[in-house]
Amino acid sequence: MATLFEKLGGAAAVDLAVDKFYVRVLQDKRINHFFANTDMVKQRAHQKAFLTYAFGGTDKYDGRYMREAHKELVEKQGLSGEHFDAVAENLMTTLKDMGVSDDLLAEVAEVAAAPQHKKDILNQ
């Protein structure tokens with residue numbers, strides 16, 4: 001059985017999606033301020049590694065845990081559920097614009113919006 005990573009088109013598709021996603025995120029006034037002082041080359045690399053892992057492209061993830069990676073954003077910049085939802089919306093719109101089918105979008109939504117991911121990111 002193919003992984004979600006494979007169904008989406010593998011590394012090339014994830015790379016393209018992340019690049020397009022961050023173009024969208026950096027234009028989104030609801031959330032772009034969170035990235036004002038971020039090295040976007042590193043950020044893109046982290047996101048590509050995380051999505052590769054989350055979508056089943058590898059069983060290894062060497063990045064920081066979501067809770068740790070977002071703790072300062074929650075505590076000092078007020079990262080909230082509204083912001084989490086905006087990021088998820090941007091990811092889904094990016095994938096839809098890339099022609100990802102509705103059934104695969106549903107699978108992505110299950111992974112991206114999993115309650116535990118949201119709790120970890122929002123340090124709840």
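Below, the figures for the structure above:
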quantity: Qualifying residue in region 79-96 (condition: farther than 23 Å from Val23 by Cβ, free of Cβ contacts under 8 Å to residues at least 40 places away in the same chain and part of a helix (DSSP H, G or I)); calculated: no
quantity: Close pairs from region 100-115: first assigned to a loop (DSSP other than H, G, I, E, B), partner at pLDDT 95 or above, Cβ under 8 Å, at least 6 apart; calculated: Val100/Leu8; Val100/Val108
quantity: Tally of residues being of a type in the set (S, T, N, Q), on the phi < 0 side of the Ramachandran plot and in contact with a helix residue (DSSP H, G or I) (Cβ under 8 Å, 6 or more places away or on another chain) across region 88-123; calculated: 3
quantity: Restricting region 41-65 to residues that are free of Cβ contacts under 8 Å to residues at least 12 places away in the same chain and in a helix (DSSP H, G or I), the residue that is surrounded by the most Cβ atoms within 10 Å (Cβ to Cβ); calculated: Tyr53
quantity: Check on Glu68, in a helix (DSSP H, G or I) and under 17 Å from Lys118 (Cβ atoms); calculated: yes
quantity: Conditions (1) crowded, with 16+ Cβ neighbours inside 10 Å; (2) within 13 Å of the chain's Cα centre (by Cα); (3) under 16 Å from Leu4 (Cα atoms); number of the one not met by Val100; calculated: (2)
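The values are calculated or read from the model by the stated rules, or taken from the named source; none is laboratory data. Just so you know, these numbers come straight off a predicted model, no measurement behind them. Positions of Cβ are generated from backbone atoms using ideal geometry, with glycine treated the same way; all protein chains shown enter the neighbour counts.
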